[in-house]
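Student: Attaching a single structure in structure tokens format; questions to follow.
The values are calculated or read from the model by the stated rules, or taken from the named source; none is laboratory data. As the structure is a prediction and not an experimental result, all values here were calculated from the model. For neighbour counting, all protein chains shown are included, and Cβ atoms are generated from backbone atoms with ideal geometry for every residue, glycine included. When the accessible area is computed, the model is the full protein with side chains, heavy atoms only, and any ligands, DNA or RNA have been set aside. Shrake-Rupley method; radii C 1.70, N 1.55, O 1.52, S 1.80 Å.
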Amino acid sequence: MTTHPERSSAELIEVEDAKLAHNYHPLPVVVAEAEGAWVRDVEGRRYLDMLAGYSALNFGHRNPVLIEAAHRQLDRLTLTSRAFHNDRLAGFAEQLADLTGLDMTLPMNTGAEAVESGIKLARKWAYEVKGVAQDQANIVVAEGNFHGRTTTIVSFSDDPVARTNFGPFTPGFRSVPYDDLAAMEAAIDENTAAVLIEPIQGEAGVLIPSDGYLAGVRELTRRHNVLFIADEIQSGLGRTGTTLAVEHEGVQPDLLLLGKALGGGIVPVSAVVGRREVVRVLGPGQHGSTFGGNPLAAAVGSAVVGLLETGEFQQRAKDLGAVLTERLGALVGRGVLGYRSRGLWAGVDIDPEIGTGREVSKLLMAEGVLVKDTHGSTIRLAPPLSISEEDLRTAIDSLERVLSR
Ligand SMILES: *Cc1c(COP(=O)(O)O)cnc(C)c1O
């Protein structure tokens, strides 16, 4: 066994190419250190991180409050399994209930696990509370969705890249156009357990539904005795200027799926937070996770909720979001075809004359700004909510330069 502390970015990328599954196509930057909104690569070049781990880094890289909470917990207790209680979990669940106005938490690790857990809860609720006939439950989802990568979750994706050759798929899902209440209502029948949607579709390109859509989903799910499951794994925890994206329409779902930023960019932490009537259908042994609710995750998650309780990050997302929107607006017709934004989160459609999203991402990388493309010609902007206004403006200046070449 040898270590290679001095290997260059190019060498490390070559080894990755040979030794790692090719399920990602990263930009050719090898990050070695980070702080706040900035990362540094192996050669010492600095970049502004305008992706923030797909919103897993809402509070910035190595946020000092979160790192301190993790360090303190590392020195005390890291894992018990749920075979025993640990002294961090109760407080975490209490805080999540206070933050969301919901009752009970089912702690998991990754986002996909939270989605799977939400699906299982909804089905069990349908059979045991709603009275749906055995194995007849269906769940209504939206076209263009992204909810994760498990076999069940890709079963109701409509992205051929995510699905091809992964069948057979899990039955029991009905897909309807996003932002279309009439189509949703038409798909609901007496066997419908839940509607599962993203309040804003992130991977699809930051698609924001029409005003009234989320309130409409809430109204029709209530009227049909169907659960409303909101996947806020990417949209939640401050990103859009409120704690949750559903708050923009004053709506409360029955089950809320959280992940990404809940782990503070330190450990994977996810959760289903829901109404008691739904979450309580689970009994001992019926669902679980070895790492779910571990004390390190709970300590970091508690510290994350602590940051959100101040309202500071939601306010930053609002204020900086106004700057972002104004700057993007000025780029329309100048390399940008259009954009959608809410809070500090934007999908920007690049004029194909300028290049693909990937090409623009590479040009931005050369300027010291990291972004991620999606769906060919769109780039996504989602910097840490802790970014300074000056750094945000610097990043947009770079985009402006790249688009006017
Ligand atoms: C990222 C994401 C997931 C999946 O989370 P993982 O932690 O990658 O499993 C699910 N839903 C949404 C909306 C996401 O953005």
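Student: Viscosity 1.306 mPa s, temperature 10 °C: Stokes-Einstein D of the stretch 234-319 from its Kirkwood Cα radius, in µm² per second? Don't skip to the answer; put the middle values down first.
Tutor: Values: Rh = 14.1 Å.
Taking Rh from Cα pairs, D becomes 113 µm²/s.
Student: Rolling a 1.4 Å sphere over the protein heavy atoms, what is the accessible area per residue of the stretch 1-121, to the nearest Å²?
Tutor: Spelled out: the 1.4 Å probe surface of the stretch 1-121, per residue, equals 60 Å².
Student: What ranking do 293-304, 39-50, 329-340, 276-287 get when scored by the average of other Cβ atoms within 10 Å per residue, highest first?
Tutor: Values: 293-304: 26.0, 39-50: 17.2, 329-340: 15.3, 276-287: 13.8.
Packing proxy ranking, top to bottom: 293-304, 39-50, 329-340, 276-287.
Student: By the gyration tensor of its Cα atoms, with a ≥ b ≥ c the square roots of the eigenvalues, what is the shape of the stretch 188-244: rounded for a/c under 1.5, prolate for a/b over b/c, or oblate?
Tutor: Cα axes put the stretch 188-244 in the prolate bin.
Student: Stokes-Einstein at 37 °C, 0.692 mPa s, Kirkwood radius from Cα pairs: D for the stretch 102-149 in µm² s⁻¹?
Tutor: Taking Rh from Cα pairs, D becomes 267 µm²/s.
Student: Over the Cα atoms of the stretch 13-132, how large are the radius of gyration and the largest Cα-Cα distance (Dmax), in Å?
Tutor: Rg then Dmax for the stretch 13-132, in Å: 19.8, 61.
Student: May I ask which of Lys120/Lys362; Lys19/Lys372; Lys19/Lys318; Lys124/Lys318 have a Cα-Cα span longer than 31 Å here?
Tutor: Lys120/Lys362; Lys19/Lys318; Lys124/Lys318
Student: Taking a quarter of the surface of the convex hull around the Cα atoms of the stretch 77-309, what do you get in nm²? Don't jump to the answer; show the numbers that get you there.
Tutor: Values: hull surface 48.9 nm².
Averaging across all directions leaves 12.2 nm² for the Cα convex hull.
Student: For the stretch 18-76, state the semi-axes of the equivalent ellipsoid (square roots of 5 times the eigenvalues of the alpha-carbon gyration tensor), sorted largest first and rounded to whole angstrom.
Tutor: Listed largest to smallest, the semi-axes of the stretch 18-76 are 24, 16, 12 Å.
Student: With a sphere of radius 12 Å drawn around the Cβ of Ile350, what net charge do the other residues whose Cβ falls strictly inside it have (Lys, Arg +1; Asp, Glu -1)?
Tutor: -2
Student: Skip the ligands, DNA and RNA, and give the accessible area per residue of the stretch 207-254 with a 1.4 Å probe, whole Å².
Tutor: Computed with neighbouring chains in place, this is 31 Å² per residue.
Student: Stokes-Einstein diffusion coefficient for the chain at 37 °C in a medium of 0.692 mPa s, Rh from the Kirkwood formula over Cα pairs: what value in µm²/s?
Tutor: Approximately 149 µm²/s, per Stokes-Einstein.
Student: How high is the relative contact order of the chain, in percent, counting Cα pairs under 8 Å that sit 6 or more residues apart?
Tutor: 23
Student: Next question, about the same structure. What part of the accessible area of the stretch 77-309, given as a whole %, is carbon or sulfur when the probe is 1.4 angstrom?
Tutor: 51
Student: Sticking with this one: Limiting things to C-alpha atoms, what are the Rg and the maximum Cα-Cα separation (Dmax) for the stretch 357-405, in angstroms?
Tutor: Calculated on Cα positions, Rg and Dmax stand at 10.6, 30 Å.
Student: Given only helices, namely DSSP H runs of n ≥ 4 each adding -39500 (n - 2.57), what is the per-residue ellipticity at 222 nm of the chain, to the nearest 500 deg cm²/dmol? Intermediate values should be presented prior to the final figure.
Tutor: Working: 14 runs with 142 residues, N = 405.
Helices in the chain give a 222 nm mean residue ellipticity of -10500 deg cm²/dmol.
Student: All other residues with a Cβ under 10 Å from the Cβ of Gly293 taken together, and with Lys, Arg as +1 and Asp, Glu as -1, what is their net charge?
Tutor: +2
Student: At a 10 angstrom cut-off on C-beta neighbours, averaged per residue, how do the peptides 341-350, 16-25, 230-239, 173-182 rank from highest to lowest?
Tutor: Going by the mean number of other Cβ atoms within 10 Å, highest first, we get 230-239, 341-350, 173-182, 16-25.
Student: If you place +1 on the Cβ of every Lys and Arg and -1 on the Cβ of every Asp and Glu, how big does the dipole about the Cα centre of the chain come out, in debye to the nearest 20?
Tutor: Details: 38 positive and 53 negative charges, 125 e Å.
About 600 debye.
Student: Here is a further query. Given the peptides 355-363, 375-383, arrange them by the average over their residues of other C-beta atoms within 10 Å, most packed first.
Tutor: Working: 355-363: 18.6, 375-383: 22.0.
Final packing ranking: 375-383, 355-363.
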